[in-house]
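Structure first, commentary second.
The values are calculated or read from the model by the stated rules, or taken from the named source; none is laboratory data. Being a predicted model, the structure only gives us computed values, none of them experimental. Reconstructed Cβ throughout: ideal geometry from the backbone, glycine too, with neighbour counts over all protein chains shown. SASA here: full protein model, heavy atoms, side chains in, ligands and nucleic acids out. Shrake-Rupley method; radii C 1.70, N 1.55, O 1.52, S 1.80 Å.
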Amino acid sequence: MNLKKIFIFMMVGICLFQLPVANAKNNSAKNIQTKITTEKIEKSMINSIRFSKASDKVRVVFDINADTKYDVKQQPNGDIMVDFSEPINKQYLSGINVNDDTVPFLEVYSDDKTSCVVIKVTDNSAFDMGELNNPRRLYIDVQKDYEYSITKELEPGLTQISYYSKKSGVKQHAQLVEVSPKYFKFVPALGGGDKMAKNTVSAMSDYVNAAVAENASYFGSGKELYGVTKIAGDLVSSMYLTRTGFGVLADGTPYIGDVSYSGIVQSKNGDVYVSGLNGTRTSDSVMLYNQYYGKSTGTDNSGIEYVVKDNKIVKINSGNSLLRPGEIVVSATGNGKNILSGLNVGDDLVVNQILNTPWDSATDILGAGPRLVKNGQVDITSSIEQIGPDVTGARAPRTAVGILKNGNVLFAVLDGRQAHSKGMMLDEFARFLIGMEVVDAVNFDGGGSSELVIGGKIVNSPSDGMERPVATALTAVRR
């Protein structure tokens, strides 16, 4: 037995030996020891949890001891979990009602050694944390206002951005995709595939095997498209007003700018101005039709129709002419009919459709409007483009396409008219896009039409609760 063990044995023997003799004294020592032990237990327990509510945040405060250890983590559902190395006073085990829209409740779990508090958070809100001294306290501030984005690279040249915000109680949620022209080409898609019709964005995405697709043009109750549309060099629709469009120039560069259309038909009897392309013929108009409109013009027999190929009349009908590739039909009523009457098969009939520069050489165009951003600044052109209050008058779901500083293209769809996302006014939407580093942007059709599809799947929440059939989509197709 070594000297240390002998010394301990001797000290224990002495204490045991003295206990019967000094009973009163040892009882007193026992009481003192009990008091010390009790104080130690109380000091190693978290005895106080409190909270305060302000307009911008909810603060939760824990009174902790000098040696308290803790770990704070936000869970995928937004809740904040706080683990402590010590138990929590039993009075809190039933939980704490905060009764706030952002933080409604605190859940408390504890055993004799450790504890956990779950701060229930409704909006995936951001939080700050820190310590206060004298006495030592841990505080967690859950922000009522927040703004953040989650970025995910889907494949080379394709990055998805999920945006969330809550400002002054108003929530917004947007889905965006940044697309590189190096890897993708931008293709307008029609609801009927190769014909004008209405269909869902997901269906149009499938037509062209798109990586990304979003709704684009305004449209009427029939086949009408309200805006200039051009696909692979062919004009599909026109607009009598100058409005903003997105497209691809002859050199492959994405471009946003004003699009104007005019048309004139030249004949030996005189010239007539074109009312439009692939629209509804009225009682006094000259409407042009091509293969994108459908199988035939669908007109009645009140007018006169010249089927033209290579600037020569190949057939004359009174209405409902068949539409074939390589041919265009000049359908005239009223004054235009009177001027063109008397022309025969084989006569020259020259159809000129003119777009402003640089659109005249563009391969693809989707016209909508108004412009939202120009040269990195808010530039709302709704009054100039005669776009009415149904588009401009309230917060709503929005769709846009923008060109970024780095030359990439941003597909953007904002949810609206729902609890998780209010929607934006046009100027709010423009500022939001500028915050995403957009330098030029054009507004597309919004409201219940707003939809974004990635890889064939809908990634936003259309306000109708389902996909709305629309006329066109802008798609990104792999090169």
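Annotations
- Any hit, the stretch 236-248, residues being of a type in the set (Gly, Ala, Ser), part of a loop (DSSP other than H, G, I, E, B) and surrounded by fewer than 17 Cβ atoms within 10 Å (Cβ to Cβ): no
- Those residues of the stretch 304-339 which are among the basic types (Lys, Arg) and assigned to a strand (DSSP E or B), in sequence order: Lys309, Lys312, Lys315
- Of everything in the stretch 188-227 that is buried (at least 20 other Cβ atoms within 10 Å of the Cβ) and among the β-branched types (Val, Ile, Thr), the residue that is nearest to Ile454 (Cα to Cα) is Val212.
- One residue stands out among those in the stretch 136-161 that are of a type in the set (S, T, N, Q) and under 12 Å from Glu178 (Cβ atoms): the one that is most open to solvent (accessible area, probe 1.4 Å), which is Thr151.
- Contact map, the stretch 189-212: first residue over 18 Å from Val459 (Cα atoms) and of a type outside the set (Val, Ile, Thr), second residue modelled with pLDDT under 95 and surrounded by fewer than 24 Cβ atoms within 10 Å (Cβ to Cβ), Cβ cut-off under 6 Å, separation 6 or more or different chains; pairs are Met196/Lys223.
- Only residues that are open to solvent by 10 Å² or more (accessible area, probe 1.4 Å) and either farther than 27 Å from Tyr183 by Cβ or free of Cβ contacts under 8 Å to residues at least 24 places away in the same chain (or both) were counted in the stretch 407-419, giving 3.
- Single residue of the stretch 380-405 satisfying the filter (of a type in the set (D, E, K, R) and open to solvent by less than 50 Å² (accessible area, probe 1.4 Å)) that is nearest to Ala471 (Cα to Cα): Arg398
- Among the residues of the stretch 292-312, just one is free of Cβ contacts under 8 Å to residues at least 24 places away in the same chain and among the hydrophobic types (A, V, I, L, M, F, W, C), namely Val307.
- Residues in the stretch 82-117 that are among the aliphatic types (A, V, I, L, M) and exposed (fewer than 15 other Cβ atoms within 10 Å of the Cβ): Leu93 alone.
- Looking only at the stretch 42-80, and only at residues there that are among the charged types (D, E, K, R) and within 11 Å of Val142 (Cα to Cα), the one that is surrounded by the fewest Cβ atoms within 10 Å (Cβ to Cβ): Asp56
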